[in-house]
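Comments concern the structure below.
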Amino acid sequence: MPNESTTAAELTEEYLERLNAVQPRELPEDLDLFDELAATRGIRLNKAAYSLKDGHQRELFERDEEAWMEQFGLTGDERELIRARDWIGLWRAGMTIYVMVKLSGVTGVPLPEIGRQMKESG
Amino acid sequence: MARILGGIGASHAPSMEHVYDAGEEVRRNEEWEPLFGPFQEVSSWLGDIRPDRLVVIYNDHMDEFFLNAYPTFALGVADEYPIADEGFGARPFPPLPGDAALGWHIARSLVADEFDPTICQELEVDHGVISPLPMVDFAEGDGSWRIPVVPLAVNVILHPLPTPRRCYKLGQALRRAILSYPEDLSVVVVGTGGLSHQLTGPRFGRVTPDWDQEFMRVLAEDPEKLCDYTHEDLIKLGGTESVEVVNWLAMRGALPADARPIVEAYYPHRIMGYGLQAFAVAQ
């Protein structure tokens with residue numbers, strides 16, 4: 001165990017300031033961040049949509065969306081968000097925009113339409 | 001020894017790919033000329049100075065790297081880089097030619113400088129590289145790329161992200177890596193991404209031209225000043241996805257302080273602030 005006073009001395013103000021600044025903490029509510037919380041929440045949805053990079057996965061999605069979803073251990077709520085093409089809901093559930101565009105491609109919903117829904121989410 | 005001839009900062013976006021792929025007539029129409037015209041100027045400048053290599057600092061959009069193991073910095077050490085399928089089928093370009101030997105040298109130099117990138121012998125590049133690149137480097141007549149590249153990817157997706165200061169220092173380390181390469185090669189360093197854009201939430205589509213132009217001005221005149229910005233500052237000023245501008249800051253770090261832009265263009269359009277800035281380095 002390190003000596004307690006030594007440890008405390010190492011935690012300089014300069015260090016603590018850097019630690020505090022490394023990740024945004026005071027964003028307005030309508031600005032989001034893909035961080036520990038979102039990444040943890042969204043792991044299944046992100047894995048699912050990321051799979052659509054692969055043409056075989058896109059074929060499966062088009063042929064049998066339920067079978068496609070079955071592969072990723074999605075919760076019932078997550079499946080419902082995909083079925084409903086609920087882009088705001090998917091975003092709030094932790095899906096990043098970068099894999100959302102892959103889902104947008106395979107569902108034929110263009111980005112401007114997703115954007116229209118996003119704007120209404122405020 | 002290798003030398004650095006200049007640097008290019010350029011936005012990247014799928015929209016640029018759609019317009020490029022639609023052909024010369026669309027690129028030259030009233031809507032897109034303000035974006036593509038300046039790229040032509042950069043292309044002819046590259047034609048004049050003929051660099052042997054491009055080092056492209058960019059970010060992947062979950063087309064190569066995924067959240068199972070997301071690298072903070074990742075460096076290509078391959079002799080070619082295939083075009084990624086981003087979910088719609090890959091664009092019909094041949095793989096980008098690489099330079100594995102230069103990549104490995106940069107890896108060694110970065111590690112010696114206490115930057116420790118993920119080293120990639122295989123890497124598929126996405127629109128972070130190939131939305132701006134064809135506009136400055138693709139010989140359409142021959143259907144071939146002209147200049148081999150070394151790609152260097154920065155995490156701008158999964159927080160915590162490397163800080164703006166860290167990215168500037170990465171550029172400075174990259175400069176030492178290039179200057180210490182024993183081959184007689186000329187290099188241009190490219191940083192892609194930004195400028196302002198917001199793709200999620202109620203602020204979807206918000207562009208902030210005043211900040212974008214201020215960013216480009218400060219990048220040219222006093223880049224170290226931008227090291228004092230936090231990601232929180234950048235997100236408030238330009239939107240969640242605008243943090244990609246750290247790639248420009250890394251590019252600028254690889255250039256001498258007195259480098260000045262020879263081409264500068266800014267075009268806020270639809271959901272993007274499109275920026276382009278080319279720096280020549282006096283030889």
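Just so you know, all these numbers are worked out from the coordinates, no wet-lab data involved. Since the model is a prediction, treat every value here as computed from it, not as a measurement. With ideal geometry, Cβ positions are generated from the backbone for all residues, glycine too; neighbour counts draw on all protein chains shown.
Sparsely packed loop sites in the range B:166-225 (the GluC sites (Glu not before Pro) outside DSSP H, G, I, E and B with at most 15 other Cβ atoms within 10 Å) comprise B:GLU183.
Around the amide H of B:SER186, modelled in the peptide plane, lie the amide H atoms of B:ARG3, B:ASP52, B:ARG53, all under 5 Å away and 5 or more residues distant in sequence or on another chain. Using θ = phi - 60° in the Karplus curve 6.51 cos²θ - 1.76 cosθ + 1.60, the 3J(HN,Hα) couplings for the range B:205-222 round to x, 6, 10, 10, x, 4, 5, 4, 6, 5, 4, 5, 5, 5, 4, 6, 8, 8 Hz; x is entered for Gly and Pro.
Largest mean-square fluctuation among A:LEU45, A:LEU16, A:LEU60, in a Gaussian network model of chain A whose springs join Cα atoms under 10 Å apart, belongs to A:LEU16. First measure r as the distance between the Cβ atoms of B:ASP48 and B:GLU183, then evaluate 1/(1 + (r/R0)^6) with R0 = 25 Å and state the FRET efficiency to the nearest 0.05. E between B:ASP48 and B:GLU183, to the nearest 0.05, is 0.70.
Along the range B:45-52 the Karplus relation, 6.51 cos²θ - 1.76 cosθ + 1.60 evaluated at θ = phi - 60°, assigns HN-Hα couplings of 4, 4, x, 6, 8, 6, x, 7 Hz to successive residues, with x for each Gly and Pro.
For chain B, adding -39500 (n - 2.57) for each run of n ≥ 4 DSSP H residues and dividing by the number of residues yields -10000 deg cm²/dmol at 222 nm. In chain B, the alpha-carbon atoms span a convex hull of 122 Å³ per residue. For the residues of B:155-161, the average number of beta carbons from a partner chain within 10 Å of their own beta carbon is 5. With both labels modelled 7 Å from their Cα along Cα-to-Cβ, the B:MET1 to A:GLU29 distance reads 5.8 nm. Counting only lysines at least 8 places from B:LYS169 when in the same chain, those with an alpha carbon closer than 18 Å to its own are B:LYS225. Within the straight-line cut-off of under 22 Å between alpha carbons, the lysines reachable from A:LYS53 are A:LYS102, sequence neighbours fewer than 8 places apart in one chain being disregarded.
Over the range B:73-163, the reciprocal of the mean inverse Cα-Cα separation, the Kirkwood hydrodynamic radius, stands at 14.1 Å.
Note on the range B:27-117: Kirkwood radius taken over Cα pairs, Stokes-Einstein applied at 4 °C and 1.567 mPa s, translational D equal to 80 µm² s⁻¹.
Measuring between their Cα centroids, the range B:189-258 and the range B:1-20 lie 15 Å from each other. Build a GNM of chain B with springs between Cα atoms under 10 Å apart, and of B:ALA139, B:ALA101, B:ALA13 the one that fluctuates most is B:ALA139. Separation of the range A:74-110 from the range B:63-93 is 22 Å, based on Cα centroids. Label sites at A:ARG85 and B:ALA101, each approximated as a point 7 angstrom past Cα along Cα to Cβ, lie 5.4 nm apart. Take each residue in B:218-230, count the other chain C-beta atoms within 10 Å of its C-beta, and the mean is 1.
If r is the Cβ-Cβ distance from B:ARG270 to B:ALA139 and R0 is 41 Å, what FRET efficiency results, to the nearest 0.05? So the FRET efficiency works out to roughly 0.90.
For the range B:76-119, GluC sites (Glu not before Pro) are listed when DSSP marks them as loop and at most 13 other Cβ atoms sit within 10 Å of their Cβ; the list is B:GLU114. Under 5 Å from the amide H of B:VAL263 lie the amide H atoms of B:ALA278, each residue being 5 or more positions distant or on a separate chain, with H modelled from the backbone and absent for Pro and chain starts.
Here the spin labels are modelled as points 7 Å beyond Cα on the Cα-Cβ line, and at B:ALA69 and B:ARG146 they lie 3.8 nm apart. The value of relative contact order for chain A, using C-alpha pairs under 8 Å at least six residues apart, is 29 percent.
Looking at the square roots a ≥ b ≥ c of the eigenvalues of the Cα gyration tensor of the range B:134-201, which shape do they give, rounded for a/c under 1.5, prolate if a/b is larger than b/c, or oblate? Taking the square roots of the gyration eigenvalues as a ≥ b ≥ c, the range B:134-201 is oblate.
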